[in-house]
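First the structure, in the form of structure tokens, and then the observations on it.
The values are calculated or read from the model by the stated rules, or taken from the named source; none is laboratory data. Worth saying up front: this structure is predicted, and the values here are computed from it rather than measured. For neighbour counting, all protein chains shown are included, and Cβ atoms are generated from backbone atoms with ideal geometry for every residue, glycine included.
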């Protein structure tokens, strides 16, 4: 039986590439947190150079010749010509290295550098355009990035739609054909549910969230919750950025960010819990495999399931607040004086069609994703031109959510993704929502006292369960296979739909 | 006449290398400012990988073959076989590229990676050893780094002493033989001057510096002074670190750090001015030449002259405080109430033998350097063993300054330099002190109203003069040549000695 040690000549090379990628990630983190405004152009070049080198090293003849000793080039599966079979980790490792290698091999290094540079620049212009609330400022850069991503899809190759090539990068195995029925089911059940909620005689007033909340105390409370979740500050940080995100350079250095708005208590609070969920995944990866696919997260959908599980299944649940609400009320005594836990629970679960995806409730959130999923397919397939985006965006917002953004900043300019070329990323948010409920229900099944633990502020049991069942496996299994191993069944919208129907049915007395 | 455009194939390659070095510098900056404690080992590997790649790219056959078309391999001067001569920038550029290339060429890439990794690790162990006040904790790592630096000197080659090989890295052209007479002159005049000062009937009480000063206000004042100096926060930042430093990734992103001690008003204040001087140099480099030696600072001695000029010639002068003291007193009204400017001026210029180099006055500072210069020579030449360092350190402290550190942290462990392998760095501090006075006197000669401008808080005239005379030239001239161009004469301890004799003669009524 051949084991991982046979593959060391290969993994040593991958480790070096990962160091370079980690350095590039720190450069991006710095760009979003501390970089002075003047440093943007030079930063774009630095990141582009590093990504170019990482790419060149991955597609080097050296890596190729090592890999082709052991892998069937057609399938990417471990070749077994000697009769001496591989153990399971080695087979998975070879499959995943092949995946990365063969994808990288299709892209010219100059293209990788150019795409990286243009995305860094476009991201900076997007931020300016947002500030000036002017889509047209961003349009030239968006055109460049979109053209490059369409070019990328051509290099990568695809079935049915070039969009599938991009989707697969973020969620291995995902396709339009596979996702469309899922979204159709969601739409068919969520839109009527939303209507019943808006027509319900129960009206939730969330004005208490919009009192004045001290900046430092909000951050301190976010830090407290992160600590309770088991996020290790000895191997992480919490910083501020315009858009909350998580990034990792190694399981010993995983950083989350948040934002604090004086009159939006939920913003810092839930972004801390959300990013904390991502952070736990990255801190929970197996350090021994760092630099190889076995030490890497499996897909964005699974990653998002971790953040949404903590944010929603835990962070917007009654048990969680049974423990944390008294502390929150102590921290913000004046603002929450006389507000009972049940009122607070209702407030943070209020369903209302709103403009901004990241602030949307659990139910309307998926409608935000649907419209992005549709729009970006059309952009990549060339059915929609970037110029028409604001009009199309607003029309779809009206169709799905019944509201029209008064400005581009609150509409088509709200998300960073397209500026950094992340077409195909959005659907993974909905996958994350669906998986999060599937995983949480499984955890509840396997840990009968989970609810009591959460209500006692004991979050470590859940954290350990997630680490054992999901985090530590890295890319050992495909996302679909992992989900099946954990829950006994594949992706399904049913648990999520039942969860929201139950939760909101009760809250809105439907 | 051949110009820089001929060299573009070469400078394009250098630019890529500089991007990698900039990335490595950001990784180091982060290590000193924001990195979580757990991230240290992974960080050491990341930096080592980047430095290894930068080295490999510099010594590549590609660069070598381009360079050898144009440069005489023996002298490093522009070859002129075609009869078509080079313009001055091109000749300088070729000379300096050759200097970098030929030095890098002598070092094996594995050695560069190893040295980088060991220095990152040793620096982290040094910080721990300091915290625990235990030299022996640091000793194993110091031994490794010292051995590597001695190995480096062998690779590089040298005349007279291996220490010369290391010295030349930081200060091109400097040698023990050249420096010894300078230090001897300083010692001969400073030691008696120090004795006269300590025996003077004038005694300066600096207790006002040790009242309680609010952290945020100290930082705010530091920021104010930096802004007045012309340090551009749109292309820079001020952060906190255990040891103040300046780093640059590009003239558009130059960062300084400081530290704030509640009971040491001078600490944040003067480190901001000092690092600001470094920062102005880096922000003042010519962006068009970024990535090439013409866009790089010329030496550490000249770099230090910029920080010391601002810190001492400006920041510890009466004119400076005529403008800034009223603002400082307004900021710290309670603490400085009733303290007149003359008393404050005396306080910040108090001469007293003290333990910590970075807190030393202008006069005793050079004695701190002398003992380090002597010790590190002996270490590199193998005349001293690392084990004996604490004893030797304390003995020399007693000889030169008449005091003995009660702890290693206040003694041999105080400086980061040896942990990061920076042997040969210390003498450049004294060079900086000497040059700073030479440059400032020249500036005063050429700008007759300089003192009045400073007294009116107008620091831009001086900043522009320094930029025109020094910053913008990069490595066009050697350090000695640059000093001669600016002042009309080479390095000399005389102006510095006259300056301190005059300044302290008056202050201490000698």
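For region B:217-229, the candidate set comprises residues that are within 14 Å of another protein chain (Cβ to nearest Cβ) and touching a residue at least 24 places away in the same chain (Cβ under 8 Å); within that set, the residue that is farthest from residue B:459 (Cα to Cα) is B:223. Residue A:241 meets the conditions (1) surrounded by fewer than 14 Cβ atoms within 10 Å (Cβ to Cβ); (2) under 29 Å from residue A:373 (Cα atoms) in every case but one. The failed one is (1).
Can you say whether residue A:104 is in the same structural domain as residue A:49 (by TED's automatic domain parsing) and in a helix (DSSP H, G or I), as far as the supplied structure shows? Yes, satisfied. With respect to the conditions (1) in contact with a helix residue (DSSP H, G or I) (Cβ under 6 Å, 6 or more places away or on another chain); (2) closer than 29 Å to residue B:302 by Cα, residue B:157 lacks only one, and its number is (1). With the structure loaded, tell me whether residue B:3 is within 12 Å of chain A (Cβ to nearest Cβ) and over 29 Å from residue A:57 (Cβ atoms) or whether it fails that test. No; evaluated as a whole, the condition is false for this residue. Looking across B:40, B:76, B:52, one residue alone is within 10 Å of chain A (Cβ to nearest Cβ), in contact with a helix residue (DSSP H, G or I) (Cβ under 8 Å, 6 or more places away or on another chain) and modelled with pLDDT under 95. It is B:40.
Taking helices (runs of 4 or more DSSP H) as the structural unit, those lying wholly within region B:244-348 and holding at least 1 residues that are closer than 25 Å to residue A:36 by Cβ and in the same structural domain as residue B:217 (by TED's automatic domain parsing) correspond to B:265-284, B:300-308, B:318-331. Looking at the structure I just gave you, is residue B:508 modelled with pLDDT of 95 or more, farther than 19 Å from residue B:280 by Cα and buried (at least 20 other Cβ atoms within 10 Å of the Cβ)? Criteria met by residue B:508. Evaluation of residue B:84 against the conditions (1) more than 8 Å from every other protein chain (Cβ to nearest Cβ); (2) surrounded by fewer than 19 Cβ atoms within 10 Å (Cβ to Cβ); (3) part of a helix (DSSP H, G or I); (4) out of contact with any helix residue (DSSP H, G or I) (no Cβ under 6 Å at 6 or more places or on another chain) shows that the sole unmet condition is (3). Restricted to region A:380-458, the set of helices (runs of 4 or more DSSP H) holding at least 2 residues that are within 20 Å of residue A:503 (Cα to Cα) and touching a residue at least 24 places away in the same chain (Cβ under 8 Å) comprises A:427-446, A:450-455. Tell me yes or no: at least one residue of region A:117-125 is over 30 Å from residue B:14 (Cα atoms) and away from chain B (no Cβ under 14 Å). Looking through region A:117-125, none of the residues is over 30 Å from residue B:14 (Cα atoms) and away from chain B (no Cβ under 14 Å). The single residue among A:196, A:103, A:189 that is under 30 Å from residue A:492 (Cα atoms), at pLDDT 95 or above and under 22 Å from the mean Cα position of the chain (by Cα) turns out to be A:103. Here region B:8-17 is the region considered, the condition is being out of contact with any helix residue (DSSP H, G or I) (no Cβ under 6 Å at 6 or more places or on another chain) and more than 9 Å from chain A (Cβ to nearest Cβ), and the residue that is farthest from residue A:43 (Cα to Cα) is B:8.
Return the residues of region A:241-258 that are more than 14 Å from every other protein chain (Cβ to nearest Cβ) and out of contact with any strand residue (DSSP E or B) (no Cβ under 6 Å at 6 or more places or on another chain); say none if nothing qualifies. Correct list: A:242, A:243, A:258. Apart from one condition, residue B:146 fits all of (1) under 21 Å from residue B:50 (Cβ atoms); (2) in a helix (DSSP H, G or I); (3) in contact with a helix residue (DSSP H, G or I) (Cβ under 7 Å, 6 or more places away or on another chain); the exception is (1). Does residue A:45 qualify as being under 19 Å from residue B:45 (Cβ atoms), facing another protein chain (nearest Cβ under 7 Å) and in contact with a helix residue (DSSP H, G or I) (Cβ under 7 Å, 6 or more places away or on another chain)? Judged against the criteria, residue A:45 is not a match. Taken as a whole, the condition of being more than 21 Å from the chain's Cα centre (by Cα), away from chain A (no Cβ under 14 Å) and in contact (Cβ under 8 Å) with a residue 60 or more places away in the chain does not apply to residue B:296.
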